[in-house]
1. Have a look at GLU171, GLU119 and point out the one that is modelled with pLDDT of 90 or more, acidic (Asp, Glu) and assigned to a helix (DSSP H, G or I).
2. Pairs, please: C-beta under 7 Å, at least 6 apart or cross-chain, first residue of a type in the set (D, E, K, R) and in the range 120-132, second in a helix (DSSP H, G or I)?
3. Which ranges mark the strands (runs of 3 or more DSSP E) fully within the range 5-110 that have 2 or more residues being charged (D, E, K, R)?
4. Please verify whether VAL50 is farther than 16 Å from PHE73 by Cβ, of a type outside the set (Lys, Arg) and modelled with pLDDT under 95, treating the condition exactly as stated.
5. Given the criterion at pLDDT below 95, buried (at least 17 other Cβ atoms within 10 Å of the Cβ), farther than 23 Å from ASN121 by Cβ and within 18 Å of the chain's Cα centre (by Cα), identify the matching residue among ALA94, ALA79.
6. Among (1) modelled with pLDDT of 95 or more; (2) under 20 Å from LEU144 (Cα atoms); (3) of a type in the set (Asp, Glu), which single condition is ASP104 missing?
7. Out of all the residues in the range 123-158, which are in a helix (DSSP H, G or I) and farther than 17 Å from GLU56 by Cβ?
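The values are calculated or read from the model by the stated rules, or taken from the named source; none is laboratory data. Keep in mind it's a predicted model, so treat the numbers as computed, not measured. Here the Cβ positions follow ideal geometry from the backbone for every residue, glycine too, while neighbour counts run over all protein chains shown.
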Amino acid sequence: MADSANVMTTLEVEEEKVEALELDTAEKLLLSLSRAITNMRFYLPNSPLVRSSKIEFYEEMTDFLKRWDKMSFEVTDEALTYKGNPVYQIDEKANSFAFIFYRDGVRRITFHEGLSSEEVNTFLDIICEAVKSSEEEADIVSLLWSGNFINIDYVAIQAFIESEGGVQGLEEVEETLVHVGNEP
């Protein structure tokens, strides 16, 4: 009987190690995403630094997806979280790609196994465009929608809804989640 308890404890320890590894890998992945976006903002598209950071992000993402099938992170006003744990903090909101997701209503982004390098490049280009543009010029939800992704989906709030009296602002309505992609 005691051996059974020890086996359960050993299994629980192994599960915790796997969860810690998954969380650590998710954190490194979002740092790689941040690095790629930063390089794209400050260097020319044909720069070796831009190319290598895009490739690095793609390779890290595909490695993650091979192991865990999907990478889904939630967007809050302070952090990107993975399975409820903060993995990317939003410090400087004005220049943060993560805050732009939040500001424009994105609440979750999910990457699925089968992700292509073309999808990653389009995704990175969209984020970079949104970061470089002013709030009035770019709406990341519309840009993501135009990406026609197969293996990336997102959930966004519907910030404005039409009513008989006109358009109601977000403060007057409950957040209505709009899901785009292949995940329920």
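1. On the way: GLU171 fails: modelled with pLDDT of 90 or more.
Going through GLU171, GLU119 in turn, the sole match is GLU119.
2. Here the result reads GLU129/LEU143; LYS132/ARG41, each pair linking the range 120-132 to a residue that is in a helix (DSSP H, G or I).
3. On the way: elements: 70-75, 79-82, 85-89.
Fully inside the range 5-110 and qualifying: 70-75.
4. On the way: farther than 16 Å from PHE73 by Cβ: yes; of a type outside the set (Lys, Arg): yes; modelled with pLDDT under 95: no.
Considered against the rule, which asks whether it is farther than 16 Å from PHE73 by Cβ, of a type outside the set (Lys, Arg) and modelled with pLDDT under 95, VAL50 comes out as no.
5. Unique residue meeting the criteria: ALA79.
6. Single failed check for ASP104: (1).
7. At the first step, the residues of the range 123-158 found to be in a helix (DSSP H, G or I) are 123-132, 140-146.
Residues satisfying the conditions are ILE126, GLU129, ALA130, VAL131, LYS132, ILE140, VAL141, SER142, LEU143, LEU144, TRP145, SER146.
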